[in-house]
Every structure is written in C-alpha cells, then in structure tokens.
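Below is one structure, written out as structure tokens, with a few remarks after it.
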Amino acid sequence: MNIIYIQKIFMKVYNIIMQKPCIWILKKWGLTVGKNLNVQNYSSIDISHCWLISIGDNVTLAPYSQILAHDASTYNFIKYTKISDVTIGNNVFIGAGAIILPNVKIGDNVIIGAGSVVTKDIPNNSVCAGIPCKKISDLDEYLEKVLEKDKYDASYHWNNITKNKKMKMKEELNGKIGLIV
C-alpha cells in the first residue's frame, strides 16, 4: 500500500470523525444552497431556522465559522427570539471563527476575515474583517497585493512535501506570508 493511498484513507476517516453540519438534512428542512459549498470542520449553520438562510455558489465556510438566522438574546427578557434571513452570495470565503448574524446580506466575490462578526450587509467585491466586520479593501486591490508573495507549488502540500522542502519553506517565510497552490 503506498503512502498517498493511506493518506487519502486517513483524510476520509478524519472528515467523518470531525463535526460538520449535515447539509443534506438542512436542505431538506429548507436551507437554500448553490453549487460547490465547502463546509469545513466544526462549522455551524443555524439548524433551528435554516430555511431563512440562502447560500450561493462557490462558498467556503472555514473551520468554526457560524451562520445564525436567530438571536435569542431577548428571550429571557421578553420571551421572544429575534429571527431574520441571511443571504450569502456567490464566490464567498468566510474565515475561520467568523460569525454571520441574522438580517445580513453578503454580496458576491467577498472575503470575510477570520474571527469577524458580521452584523451588517457586506458589499460585492470586498474584503471585510473585524468586530464588527467592516470593509477593509476592494477584492481586486487585495488580490493584487497578495499575488506579490512568494509562491509554492503542489510539491509543498502536506501530503507531498519532503523534509528539505519543509526546511526551505520555513527559512523563506520566516515571518512573511507566502502562497501555495
């Protein structure tokens, strides 16, 4: 048995063990989802009001990100929970630990930074981050800056990388950001 085959089996088992929302059940209950939804480990989509959530094509929910269509902060005081819809456009990346709150629309071609709390609508073609989440850049400007970084090909991926390449990458990055295919 070769090492790549073993690694692929390991990743399948790992993905089964790691918590992920059951998208097919949420869709059955009314969640609207486009093509190519990438839900990573420990992400959460509001199960109690999933029919109020619409997610476009080519969307990634990074680990520990959350989408909420309800806010129970008022329940102890007035015995009502706030609810509203959430719309996420096409080509959206929601960073690790980001929280999308009810009554929010995220446009197309958007990056939401890790740890952000999205409380208001996010415009198309933007990079946004923070608590509360705010626009920090146009998407094109951000990508232009990012493309100036050192680049690494597929031979640097975790399942292909040699000890020498690990050392080389560590030395080259040394406090800088790089890019990998």
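The values are calculated or read from the model by the stated rules, or taken from the named source; none is laboratory data. Owing to the predicted nature of the structure, the values given are computational and were not obtained by experimental measurement. Methodologically, a virtual Cβ is constructed for each residue, glycine included, from the backbone with ideal geometry; neighbour enumeration extends over all protein chains shown. Heavy atoms of the whole protein, side chains included, go into the accessibility calculation; ligands, DNA and RNA do not. Shrake-Rupley method; radii C 1.70, N 1.55, O 1.52, S 1.80 Å.
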Item checked: Answer from V118, V146 - the residue that is among the hydrophobic types (A, V, I, L, M, F, W, C) and in contact with a strand residue (DSSP E or B) (Cβ under 6 Å, 6 or more places away or on another chain) -> V118
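Regarding T87, is this residue of a type in the set (S, T, N, Q) and in contact with a Ser or Thr (Cβ under 7 Å, 6 or more places away or on another chain)? Reasoning before the result, please.
Details: of a type in the set (S, T, N, Q): yes; in contact with a Ser or Thr (Cβ under 7 Å, 6 or more places away or on another chain): yes.
Yes.
Just for the range 38-58: of the residues that are among the hydrophobic types (A, V, I, L, M, F, W, C) and open to solvent by 40 Å² or more (accessible area, probe 1.4 Å), which one is farthest from N91 (Cα to Cα)? Even if it seems obvious, please write down each step before you answer.
Taking the range 38-58 and keeping what is among the hydrophobic types (A, V, I, L, M, F, W, C), we get 39, 45, 47, 50-53, 55.
Next, from what is left, pick out any that are open to solvent by 40 Å² or more (accessible area, probe 1.4 Å): 47, 51-52.
Values: I47: 23, W51: 21, L52: 20 Å.
Across the range 38-58, the extreme among qualifying residues is I47.
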Notebook entry, point to check: From the set of residues in the range 104-126 that are hydroxyl-bearing (S, T, Y) and either outside any strand (DSSP E or B) or open to solvent by 20 Å² or more (accessible area, probe 1.4 Å) (or both), which is farthest from S65 (Cα to Cα)?
Noted result: T119
Check: under 25 Å from V39 (Cα atoms), aliphatic (A, V, I, L, M) and surrounded by fewer than 17 Cβ atoms within 10 Å (Cβ to Cβ), is that true of L147?
Finding: no
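Tally the residues that are at pLDDT below 75 and either in contact with a Cys (Cβ under 6 Å, 6 or more places away or on another chain) or surrounded by fewer than 11 Cβ atoms within 10 Å (Cβ to Cβ) (or both), restricting the search to the range 15-37. Break it down into steps so the answer makes sense when it comes.
Step one: of the range 15-37, the residues at pLDDT below 75 are 15-21.
The next check asks that each one be either in contact with a Cys (Cβ under 6 Å, 6 or more places away or on another chain) or surrounded by fewer than 11 Cβ atoms within 10 Å (Cβ to Cβ) (or both); those that pass are 16-17, 19.
Qualifying residue count for the region: 3.
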Note to self: Given the options K135, K176, K165, K170, name the one that is over 23 Å from L52 (Cα atoms), of a type in the set (D, E, K, R) and part of a strand (DSSP E or B).
What the structure shows: K135
Next item on the list: Working carefully through the options Y80, Y75, Y142, find the one that is open to solvent by 70 Å² or more (accessible area, probe 1.4 Å), of a type outside the set (D, E) and assigned to a loop (DSSP other than H, G, I, E, B).
Entry: Y80
